[in-house]
Amino acid sequence: MTGHDHETGPSGDANVDRRNFMRGCGAVAAMAAAGLSVDSVAATGADLRAVLADLPDNWGRWGEDDELGALNFLGSEQAYRGMEAAMRRGPKGIERFTLQLPMTGDTIDVLTGDGDAPTTETGDPLFPGRTPGRRDNTQDARTYAEGEATPDPGGIKYSDDRFVTELFLHGATHMDALGHAWYGDEVYNGYDESVTAQTKEFDRAVPGCVDGEPGEVTETRGHSAADISPLAEAGVAGRGVLLDVGRVQGDDRGWLELGAEVTLEDLRATADAQGVDLRKRDIILFRTGAIERVTDPKAEWDPLNEPGLAFSEELVRWAHEMEIPMIGADNVAVEKVTQTIDGDQYVIPLHGALLRDLGVSLNEVMRLEELAAQCADDGVYDFLFASAPLHVERATGGPVNPVALKATKPEKKRD
């Protein structure tokens, strides 16, 4: 595992704080703050097509119209293996963990820079340039008290609400659509990249945001293929395995240092240290400590330099041979956002190799600390993992609240 000194800031300067970093609210500004700009990456002449040319893909494996990808590996047998893991300690020895960060939480104002941290409690959102969603009540006790609403026949009252700001589907815990990231001019399974930008017109205009300004929404752009819908319809259920790399190889807090690159060797070494076996078609979750760092207002925050999975040919071939359906992590991209391969700089190269080429689903920004603590306490690192992203038609991703049902000692189970 390699990495930088975790005391340095986004540009290598220990004096760069969270507030100054967030003043650059767009992705390009965020990269610049991290010491990497789009121009500097392009200037290297790096070509991901050349790097991945000899590596495997799953295009056509499940037919030319497939949009589900490696989730095709999950069937009854994989769900059964997950249930076996969950029931290992009997009917009174199952613990339940939800792995989603709360949404619509407190955060700094990314437009003014006010505030001292990207988040206070929720970690929503974690990526520069994405503002937190805000919901508001449309009906509640006050509307009844002020005569704006009347109880239904029989006396029933109810509350209701809606989102009143932009809601970024990739802002908090979410799954990526297989067409979310690509290189060249094709997305997963050979679909032309134009499928990511198809316009849909609506007969009914509704108030909303048009090009960043209030207006009437009559059409939107979205995916006509490789969107989140197939993943939402199929759902995810199988044997999950947590690899707590942060606890095994990190500091005394269980955090990997900023800039650390998690290799295939690190994953295997962590599995060995935990005494858990990795099997074909397992759902792999790994923890780096990123969520604890981002929700600690005293800790340095550097989203583009978070520890994450490092590209290697061996890793891609392993994921293919092991028929891994999904990889999840507690950071913004599963992989380290910026990486150097053979002297050239790349941004999220594993999204190309895993998402586009192999159709491996990615679950980002997962809350794993409670699950990890329980695993470390009782030595059980496998469980039934079940989830499904919100079914948002034509979307590039979907918020998700995964659930892990884990065997544990009966006396450890919460009431």
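The values are calculated or read from the model by the stated rules, or taken from the named source; none is laboratory data. Predicted model only: the values in this text are computed from it and were never measured. Cβ sites come from the backbone with ideal geometry, for glycine too, and all protein chains shown count toward neighbours. These area figures cover heavy atoms from the full protein model, side chains too; ligands, DNA and RNA do not enter into them. Shrake-Rupley method; radii C 1.70, N 1.55, O 1.52, S 1.80 Å.
Were the residues from V164 through Q345 laid out at 0.36 nm apart, the gain over their Cα-Cα distance would be 61.3 nm. So which aspartates and glutamates can K409 reach, going by Cα to Cα under 12 Å and dropping same-chain residues fewer than 8 places off? Cross-link targets: E95, D377, D378. Direction-averaged projected area, Cα convex hull, the stretch 319-415: 8.7 nm², rounded to one decimal.
Computed about its Cα centre, the charge dipole of the stretch 266-346 is approximately 280 debye, with only Lys, Arg, Asp and Glu carrying charge at their Cβ. Counted residue by residue at 0.36 nm each, then reduced by the alpha carbon distance between them, the extension gain from D252 to M322 reaches 22.0 nm. In a simple Cβ point-charge model (Lys, Arg +1; Asp, Glu -1; nothing else charged), the stretch 207-355 has a dipole of about 540 debye relative to its Cα centre. For the stretch 66-105, the solvent-accessible area of protein heavy atoms averages 49 Å² per residue (probe radius 1.4 Å; ligands and nucleic acids excluded). As a fraction of the 1.4 Å probe accessible area of the stretch 145-236, surface on carbon and sulfur atoms comes out at 46 percent. In whole percent, what relative contact order does the stretch 150-250 give with Cα contacts below 8 Å and a gap of six or more residues? Answer for the stretch 150-250 is 22 percent. Taking one quarter of the surface of the C-alpha convex hull of the stretch 137-260 gives a mean projected area of 15.7 nm². Largest first, the extents of the alpha carbon coordinates of the stretch 198-272 on the three principal axes equal 58, 31, 17 Å. Considering every alpha-carbon pair of the stretch 297-371, the percent of pairs per 5 Å bin, from zero through the bin containing the longest distance, is 3, 15, 24, 25, 17, 10, 4, 2, 0.
For the stretch 248-295, a Kirkwood hydrodynamic radius built from all Cα pairs, placed in the Stokes-Einstein relation at 10 °C and 1.306 mPa s, yields a translational diffusion coefficient of 133 µm²/s.
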